[in-house]
Protein chains: 2
Amino acid sequence: MQAVQASSLASAGATFAAAAAGVSSQKNVQMSAPVCRRSATKASLGNFAGLRRVSESRSETAAFSQPAAVKRSAKKQGIRATAAVKAPSKVSPEVVDKSINAIRFLAIDAVEKANSGHPGLPMGCAPMAYVLFNETMKFNPKNPYWFNRDRFVLSAGHGCMLQYALLHLAGYDSVKTEDLSQFRQWGSKTPGHPENFETPGVEVTTGPLGQGIANAVGLALAEAHLAARYNKPDAKVVDHYTYCILGDGCNMEGISNEAGSLAGHWGLGKLICLYDDNKISIDGHTDIAFTEDVQARFDALGWHTIHVEEGNTDLDALRKAIDEAKSVTDKPTFIKVSTTIGFGSPNKANTHGVHGAALGGKEVAATRENLGWPYEPFKVPDEVYANMDKTDAGAEYEKDWESALAKYVEKYPEEGAEFKQLISGKLPEGWEKALPEFTTDSAADATRNISQTVLNAVANVLPGFLGGSADLAPSNMTLLKQFGDFQKATPAERNLRYGVREHAMGAIANGIHLHNSGLITYDATFFIFTDYMRAAIRLSALSEAGVIHVMTHDSIGLGEDGPTHQPIEHLASFRAMPNIYMFRPADGKETVGAYKIAIESRKTPSILALSRQKLPHLPGTSVEGVAKGGYLVEKDADKPDVVILATGSELEIAVAAAKELRGEGKKVNVASFVCWELFEKQSPEYKESVLPKSVKAKVSIEAGSTQGWHKYVGDGGKAIGVDHFGASAPAGALYKNFGITAEKVVEAAKASL
Amino acid sequence: MQAVQASSLASAGATFAAAAAGVSSQKNVQMSAPVCRRSATKASLGNFAGLRRVSESRSETAAFSQPAAVKRSAKKQGIRATAAVKAPSKVSPEVVDKSINAIRFLAIDAVEKANSGHPGLPMGCAPMAYVLFNETMKFNPKNPYWFNRDRFVLSAGHGCMLQYALLHLAGYDSVKTEDLSQFRQWGSKTPGHPENFETPGVEVTTGPLGQGIANAVGLALAEAHLAARYNKPDAKVVDHYTYCILGDGCNMEGISNEAGSLAGHWGLGKLICLYDDNKISIDGHTDIAFTEDVQARFDALGWHTIHVEEGNTDLDALRKAIDEAKSVTDKPTFIKVSTTIGFGSPNKANTHGVHGAALGGKEVAATRENLGWPYEPFKVPDEVYANMDKTDAGAEYEKDWESALAKYVEKYPEEGAEFKQLISGKLPEGWEKALPEFTTDSAADATRNISQTVLNAVANVLPGFLGGSADLAPSNMTLLKQFGDFQKATPAERNLRYGVREHAMGAIANGIHLHNSGLITYDATFFIFTDYMRAAIRLSALSEAGVIHVMTHDSIGLGEDGPTHQPIEHLASFRAMPNIYMFRPADGKETVGAYKIAIESRKTPSILALSRQKLPHLPGTSVEGVAKGGYLVEKDADKPDVVILATGSELEIAVAAAKELRGEGKKVNVASFVCWELFEKQSPEYKESVLPKSVKAKVSIEAGSTQGWHKYVGDGGKAIGVDHFGASAPAGALYKNFGITAEKVVEAAKASL
């Protein structure tokens, strides 16, 4: 009964507010604000059949039980059976207009009060955002973490007041009126860019342009993967869309092309991106730097593309575009929406002046006049709240899903148990027993190879474990041998093939993690190429996404590829980054120890820097030691003559130097500093036990920048490292020529004694 | 006389070797190897008219004096008047085949000897590379730095043996046979990836994928800019093409899309890129991760595109494509060349097994057999050398150009003098007098604003000064107000509009610098977004490109934009990077001092971290002090009670803390640590004068990671900083809440006393 034509309803002039209008096709809705209940939609939830769509013509939004013909599967058809234009509901055009203007003015007023922020995007994007949040998306504002919600990403994160206004109007507790009025202030829930860790309802942290669209690809991948693994022909427990609004800036960034290429390749049909084509960037009109044909580019990337020519006013065109997007199931959809930045501002619309600064009192007043908005700042008319609040609708969505999930668990107990365990976000009991064990007798091996053994072992016991490399799988040793490739036809598989796209890989991995469905993901490339994905890794850290970054070829030890491929400053550069564990394990035991922490640390990402070359398993290393970050692997005395500190492949050198010094009668302790961040968390007493203040002769050795080591070796010690670029030669020649040798350690120790 | 059809000549079966065949249309060529001199081309160089093209049909390769109808100009026509297929010269097909196989086997043999490297690309790309180097490009092997040479970039740098083979065969002294046999060994001229600073003839350092194509855009931009500024209707002193070979990996990287979008936007008609479409990457067939329509994407980016379907054997198609590319003057050209990786290897061709590993003795033998190559390793038949050596042709090219330049200078003395000064690479005498002066009385200002004053001042006296921002010009304050924008129609202007494409910006800036024509270029974005371009900045440093990276909004001082925009670890991360100056000036004097060094340092790039907020000009700062990297701005005593160290905006806080401590009777020195790298170059005595060992109470304060400061504050001191992510709030609130205050410095100093 909702499959009426948008145009007919839009012109009907009905004046009552209907909650959750046009979003819920078959759900019972109940509003706290005065509403007209739609009795026809009050379907019984008595059994699975009862959960099926009420109207055939709305099948694409049914939470469960789509007919086989339209479900996503390896052999899915390209177009959904029915793609009716979405009903705009029985909301009067006046209330729709008011609702859209409410979004605009909340943004205008918040930016004005902060005298800081970006009003232009929310003003231009309010119509498409309204259609998304009020008529399209399913979510539960009172439980922002409800598993089966549609995901929304504002890739153009500077326009965050758009998102805060939407969350507020939809009824999220995270964004009350007082939060809006505290926009961009210390301690507020409404920071200057959307931050998932500050504001429930914000899925991912955006602002650095292009990250969001790549995160959205990760969210859509997670959905496609889980849907393929857990949904049954008669029961869908995973079924949501991922929506993204991105701007000119996002489209100029290379990361968006990388992510777009992958999304097209993977055929992520439930990813729908709306491009705010407003032709204005900070430097002025996009004509000065951005004249490519963006839509044609996305066509070339394998997307379905649509152009909405009048995004400021033509809601029906927006609705039709979104419905068309949903009807295309084998390709992601890119909707170019031509808008006017700062729409409604008589003197600043369509200029970069409205992009990133408050309008100013005079222009705010002129805009109020122009758009017919008589309300005081932050005031939202009741009928807008009534129209946009999703409290009751959201509760119903979740209740229906919970009920369906219960039935699923009953009918498919094994999958149900695994699924519930997975989405709980908790690791399965005893998972760590799967970790391989290494002893001093184990064959010497590169830590990248040991890493592969670990990855394959844990993938057997962690149902949510998946990941891949940026076209270096056979070098990074990251293939999960028991699984196939995640591809368009095989979305249930777990090896991700990112191609040579490090930046998108990192951001997609963040998206997979932030799907918050218990998936644990790793990505991989050469350690040097973290330079290509550094912005994404920083966002793993900032947004508390416990992604595992598997970075092999960790030093000059990679040899012949030369200085373009040899990390020098990278360990130091990540040790300086907050909330990330930078591991450089020395052997099998330490690699296992690093993985144990990385897997357990769901809110702190980890980087594992792994060797290309073979390393022996040293007597003193241990899984437990890694947890301390820095620990003694050889101990001669509480107060030795010398302490030698090392990480990774240089621990072997440290041990050799210690042996030599002992031969000369010295007492030597050797410490592995596998993870500085964990060492910093230890007690002062523990630190003193590893690095006694009274011992002046402390020598560190690491095949990389010495930056930061002075904190540990102290004024009397010496840091041996590589403070220049590498060179192309076999690894042995480099170690020798660059002085990364036991001889140099001995020399330095003696000089410090 | 050279405008014959390729096909007719190719089948003519002439057996003698002609030097510089098909490259030089109007130049006199002379070979050391047996050649047939082409008397018709021996044009007199008596006057400018004499330099005009011999044949109308080859006008596009004339060094000077193209007719008005075909010259590049603001109103240039899209297609050159004539675009005849290039003559393949009177070289027999056998010798052509042998020459191509010589390239292949030099690569095969070098990789085999090193047992390390990438033979697949050279084997597949040898035909297109042959057409480029032997029939198309103009260069002088005995002077690799001849200004007007065609530039070649191997963006797929792992295939560097292709480039080394070409340089060797063309007669470059940098790659002798013994160098080839030392491929990838310590101290060789033939490192594992092409390095401009190791191997004359290599223009840019490639290997990290996608960088090369972006460098090539920079090289082509430099040519277009200089051509627009210096060429005259009757005299061209700047006239060369930029060629680039890139692979699947380059095309997957986001940076190539960014750079491609800009090249299309700028209409760089003399940029010709050949895409080695071999369908194989390290993980296997590109089908697993790369199924977009690359050619359609480049169409969308505004390029002219061509597909050569048989790149392994169809030389005429390659020749025609390159000629067509040259005939299109208002767009860059993308030639997709379908090839077979490892062409000729009977068992490994068309597999990823041939990508990055030696073929192995057995397969090398089989490939010799298959391609009919009876020669021992590294042996090149005489007729191949005779065919490919460009010693004499190159000398002629340069001689002609020198002679033309002399005439140009005579006719246009002012432009001529400026041009010669520019390409000498030396700074104009007395340039530094243009630097603005600031005193303690100057109005407090943000260092980003001071930076703009400096940029505008030096642009007046440095004819090669140009640059721009990644869509943040009004925030970075980087606009050269006296100049317009470099655009398709206005290539003589000096403001570069990069759009939101930080990564390509950095790599394009490297390309502009490495054009080696005296251009000094800067790029700009927020300091945080160095994360997006870190790989390119690292290549500035590695390849000795003295690019100036202007990075504003340098700390939590940017305030409301929040943690996604607040650099924390960035100063530390660049201080760990070799060969780059990381400046954080505190005021006007220090900003000027930093620019003075940055501009003078043509082989070391600089980063200037500049404030968003206003800063006072402090009494003790100086331009000269900056040159020391760390220096005392306030000195109470040789051995004070306390030394306070700070940079940038925190120097003001340090001075305030010193005042307070003095009020309590302490002797305090205050040091500015504006550039650690320069401080490290000072003598031990100087360092001791700034940081006396006997003073234990050393306190550093910097609004960023404390990593590395312990080296300077020592065991007894304390580093105050921000070792966590920032937050969204006004800057003042952040400084207070994060403890970046004079109070905390005083507290720490007292605790250390």
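The values are calculated or read from the model by the stated rules, or taken from the named source; none is laboratory data. Computed from a predicted structure; not experimentally measured. Don't worry about glycine lacking a Cβ; one is built from the backbone with ideal geometry, like all the others, and counts go over all protein chains shown.
Return the residue satisfying two criteria in turn: it lies in the stretch B:589-611 and is in a loop (DSSP other than H, G, I, E, B) and out of contact with any Phe, Trp or Tyr (no Cβ under 9 Å at 6 or more places or on another chain), and of such residues it is farthest from B:Val699 (Cα to Cα).
Of everything passing the filter in the stretch B:589-611, B:Arg602 is farthest from B:Val699 (Cα to Cα).
Of (1) in contact (Cβ under 8 Å) with a residue 12 or more places away in the chain; (2) of a type outside the set (Lys, Arg); (3) more than 14 Å from chain A (Cβ to nearest Cβ), B:Trp676 satisfies all except one. Which?
The one condition B:Trp676 does not meet is (3).
Just the residues that are of a type in the set (Val, Ile, Thr) and at positive phi, please, taken from the stretch B:272-317.
Correct list: empty.
Filter the stretch B:287-298 for residues that are surrounded by fewer than 20 Cβ atoms within 10 Å (Cβ to Cβ) and not β-branched (Val, Ile, Thr) and give the result.
Matches in the stretch B:287-298: B:Asp287, B:Asp293, B:Gln295, B:Ala296.
Mind listing whichever residues of the stretch B:356-370 are touching a Lys or Arg at 6+ places or on another chain (Cβ under 7 Å) and either within 16 Å of B:Ile103 (Cα to Cα) or of a type in the set (Lys, Arg) (or both)?
B:Leu359
Starting from the stretch A:702-721, keep only residues that are at the interface with chain B (Cβ under 8 Å from one of its Cβ atoms), then list their pairs with residues that are in a loop (DSSP other than H, G, I, E, B) and among the polar types (S, T, N, Q) whose Cβ atoms are within a distance under 7 Å, requiring at least 6 positions of separation or different chains.
A:Gln707/B:Gln707; A:Gly708/B:Gln707
Of all the residues that make up the stretch B:542-552, how many are buried (at least 24 other Cβ atoms within 10 Å of the Cβ) and within 12 Å of chain A (Cβ to nearest Cβ)?
Adding up the residues that qualify gives 2.
Check the stretch B:323-336 and report whether any residue there is over 30 Å from B:Gln487 (Cβ atoms) and either in the same structural domain as B:Ile282 (by the TED database) or not in a helix (DSSP H, G or I) (or both).
no
Considering the stretch A:728-751 alone, what residues qualify as being within 14 Å of chain B (Cβ to nearest Cβ), assigned to a helix (DSSP H, G or I) and out of contact with any helix residue (DSSP H, G or I) (no Cβ under 8 Å at 6 or more places or on another chain)?
Listed by number, the residues that qualify are A:Gly732, A:Ala733, A:Lys736, A:Asn737.
Those residues that are assigned to a loop (DSSP other than H, G, I, E, B) and facing chain B (nearest Cβ under 10 Å), I need them from the stretch A:449-482; list them, please.
A:Ala470, A:Asp471, A:Leu472, A:Leu479
Tell me, which helices (runs of 4 or more DSSP H) wholly within the stretch A:197-269 include 1 or more residues that are of a type in the set (Ser, Thr, Tyr)?
Ranges flagged: A:211-230, A:254-266.
When the stretch A:133-183 is examined, which residues are found to be in contact with a Leu (Cβ under 7 Å, 6 or more places away or on another chain), assigned to a helix (DSSP H, G or I) and among the hydroxyl-bearing types (Ser, Thr, Tyr)?
A:Tyr164, the sole residue that qualifies.
Looking at the stretch B:507-517 only, could you name the residues that are buried (at least 24 other Cβ atoms within 10 Å of the Cβ) and either in contact with a strand residue (DSSP E or B) (Cβ under 6 Å, 6 or more places away or on another chain) or away from chain A (no Cβ under 11 Å) (or both)?
B:Ile508, B:Ala509, B:Asn510, B:Gly511, B:Ile512, B:His513, B:Leu514, B:His515
With respect to the numbered conditions (1) within 14 Å of chain A (Cβ to nearest Cβ); (2) surrounded by fewer than 23 Cβ atoms within 10 Å (Cβ to Cβ); (3) not hydrophobic (A, V, I, L, M, F, W, C), which one is the sole condition not fulfilled by B:Gly247?
(2)
For the stretch A:195-211, how many residues meet the condition of being more than 9 Å from chain B (Cβ to nearest Cβ), surrounded by 22 or more Cβ atoms within 10 Å (Cβ to Cβ) and free of Cβ contacts under 8 Å to residues at least 60 places away in the same chain?
Of the residues in that region, 2 qualify.
Applying the selection to the stretch A:259-283, what residues are of a type in the set (Gly, Ala, Ser) and within 11 Å of chain B (Cβ to nearest Cβ)?
Result: A:Ala259, A:Gly260, A:Ser261, A:Ala263, A:Gly264, A:Gly267, A:Ser281.
So how many residues does the stretch A:584-603 have that are within 30 Å of B:Pro567 (Cβ to Cβ), surrounded by 24 or more Cβ atoms within 10 Å (Cβ to Cβ) and touching an Asp or Glu at 6+ places or on another chain (Cβ under 8 Å)?
Here the count works out to 1.
Looking at the stretch B:177-196, is at least one residue within 22 Å of B:Gly464 (Cα to Cα) and of a type in the set (Val, Ile, Thr)?
no
Return the total of residues in the stretch B:399-426 being under 26 Å from the mean Cα position of the chain (by Cα) and either β-branched (Val, Ile, Thr) or assigned by the TED database to the domain that holds B:Glu600 (or both).
1
With the checklist (1) surrounded by fewer than 24 Cβ atoms within 10 Å (Cβ to Cβ); (2) in contact with a helix residue (DSSP H, G or I) (Cβ under 9 Å, 6 or more places away or on another chain); (3) part of a helix (DSSP H, G or I) in hand, flag the one item A:Trp186 doesn't pass.
Exception for A:Trp186: condition (3).
Between residues in the stretch B:284-303 that are within 15 Å of A:Tyr498 (Cβ to Cβ) and more than 7 Å from chain A (Cβ to nearest Cβ) and residues that are among the acidic types (Asp, Glu) and assigned to a helix (DSSP H, G or I), which pairs lie under 8 Å by C-beta distance while being six or more apart or on different chains?
Listed pairs, sorted by first residue: B:Thr286/B:Asp248.
Report, by residue number, each residue of the stretch A:377-391 that is assigned to a helix (DSSP H, G or I) and either under 29 Å from the mean Cα position of the chain (by Cα) or not assigned by the TED database to the domain that holds A:Asp109 (or both).
A:Met388, A:Thr391
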